[in-house]
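A.B. asks: Below is a structure I'd like to ask you about.
Taken together, the values in this text are just the output of simple stated rules run on the coordinates, not laboratory data. Since we're looking at a predicted model, the values are computed, not measured. Glycine also receives a Cβ, built like all others from the backbone with ideal geometry; neighbour counts cover every protein chain displayed.
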Amino acid sequence: MRRRDTSICGLALLLCGCVMGRVYREHPLDEQKIATIERGVTTKSEILDRFGPPQEIDARELTAIGVPFEPFLSRRGDKPPVERVVAARWFRYTYSRGNALAIILILFNYGEFDQKNDNLVIFFDGDNKVEDYAFGKDTPLLPRYGFWSR
Amino acid sequence: MALLVAGCTIGRVYYGSPLRATPADLAEGQSTRHDVLRLFGPPTEIMHQTDGDAFVYTYQRYNYSSFHLQDPITGINWFTYSRELENRDRLVVFFDFTGVVRSVAIDHHADTLPTL
C-alpha cells in the first residue's frame, strides 16, 4: 500500500507538459543574391528588383539647401557636410526566427524564448548606388531545444 | 490546517546575439563605417544626430522567476514572490559626417544577470 502511494506521488510529480513554439517573421534572405551586391556599382532599383520592398527605409532628406549648418554643429571647428539631397540612405531587410520551449511540471515550470534575426542593411550614396552593406546571419545560432542545446 | 501547494516558475528570454567583436578593435578617428559593419555586422538601430550617425548594437536578456503558495482546493493564492531582471549588452558607435568613428561606448551587463 505504501509502495503504491509512493508510486502515485512520484507519478504526480513527474506528470508534465512540454510546449515548443516556433516563430517565423518574413522570409529568409537569399545569400546568393546578397553575394551579387557590389559597392559603387549596384543601384537602388537593382536592389529593389532582387530583394523586393525593404522592411525599413531611412528616408531622411536634407532639404535645408542653402541654410547655414554652423548653428547645428556641436563642436567648434567641425566642418559642415557637403549639402545634397538624399532620397533614401539605407534599406533594411530582416528575417526573424524565435524558438520557445516550456516544461510544465506540477510544482515547477520553466520556459524560455530566444529570438534571432538575419539582417541585411544597405547604404546608398547620393547617386543611388550601394555605398556599403552588411549582412548578419544569426538565426542558425538559435538553440533548437532550449537549454538542452544551448 | 489547509494544505498548501508550492510552485516555482523560471523564465528566460533572449533577444538578438552577443556582440561579435570588441570595441578595442576600433580606433577613434581612424576606423570607418565600413570597418564597423565588417566587424560587428548590421546594427540593431541606426540613429541620426546633427553631427553624424550612430550605430547601436544590442543583445538583451530577461530572467523571470516566481514562487507561489496556493490552496489546492479553493485556488486561493496565499503568497507570491516574483522577480524580473532585464539586462543588455549595448554598443554605440558615433560617426562624424564623413563616416569616421568619433567615439565608442559599451555596456556589458547581459551575462551579469543572477540565475534566480
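A.B. asks: Take the residues of the stretch A:98-116 that are in contact with a strand residue (DSSP E or B) (Cβ under 7 Å, 6 or more places away or on another chain) and more than 7 Å from chain B (Cβ to nearest Cβ): which is surrounded by the fewest Cβ atoms within 10 Å (Cβ to Cβ)?
C.D. replies: Looking at the filtered set, the residue picked out is A:I104.
A.B. asks: Give the residues of the stretch A:20-41 that are surrounded by 11 or more Cβ atoms within 10 Å (Cβ to Cβ) and either assigned to a strand (DSSP E or B) or among the small types (G, A, S) (or both), sorted by residue number.
C.D. replies: A:M20, A:G21, A:V23, A:Y24, A:R25 - these are the residues of the stretch A:20-41 that are surrounded by 11 or more Cβ atoms within 10 Å (Cβ to Cβ) and either assigned to a strand (DSSP E or B) or among the small types (G, A, S) (or both).
Here is a yes/no grid of residues against (1) within 25 Å of A:A102 (Cβ to Cβ); (2) aromatic (F, W, Y); (3) without any contact (Cβ under 8 Å) to a residue 40 or more places away in the chain:
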position: B:Y62; (1), (2), (3): yes, yes, no
position: B:F67; (1), (2), (3): yes, yes, no
position: B:D71; (1), (2), (3): yes, no, no
position: B:I106; (1), (2), (3): no, no, no
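A.B. asks: Same structure, new question: How about the stretch A:117-150: which of its residues are crowded, with 20+ Cβ neighbours inside 10 Å and aliphatic (A, V, I, L, M)?
C.D. replies: Answer for the stretch A:117-150, where residues must be crowded, with 20+ Cβ neighbours inside 10 Å and aliphatic (A, V, I, L, M): A:L120, A:V121, A:I122, A:V130, A:A134.
A.B. asks: Looking only at residues in the stretch B:26-44 that are more than 10 Å from every other protein chain (Cβ to nearest Cβ) and on the phi < 0 side of the Ramachandran plot, which one is surrounded by the fewest Cβ atoms within 10 Å (Cβ to Cβ)?
C.D. replies: Of everything passing the filter in the stretch B:26-44, B:Q30 is surrounded by the fewest Cβ atoms within 10 Å (Cβ to Cβ).
A.B. asks: If you scan the stretch B:1-44, which residues turn out to be outside any helix (DSSP H, G or I) and among the basic types (K, R)?
C.D. replies: B:R12, B:R20 - these are the residues of the stretch B:1-44 that are outside any helix (DSSP H, G or I) and among the basic types (K, R).
A.B. asks: Pick from the stretch A:118-150 the residues that are within 11 Å of chain B (Cβ to nearest Cβ) and touching a helix residue (DSSP H, G or I) at 6+ places or on another chain (Cβ under 7 Å): which of them is farthest from A:P54 (Cα to Cα)?
C.D. replies: Applying the filter and picking the extreme gives A:P143.
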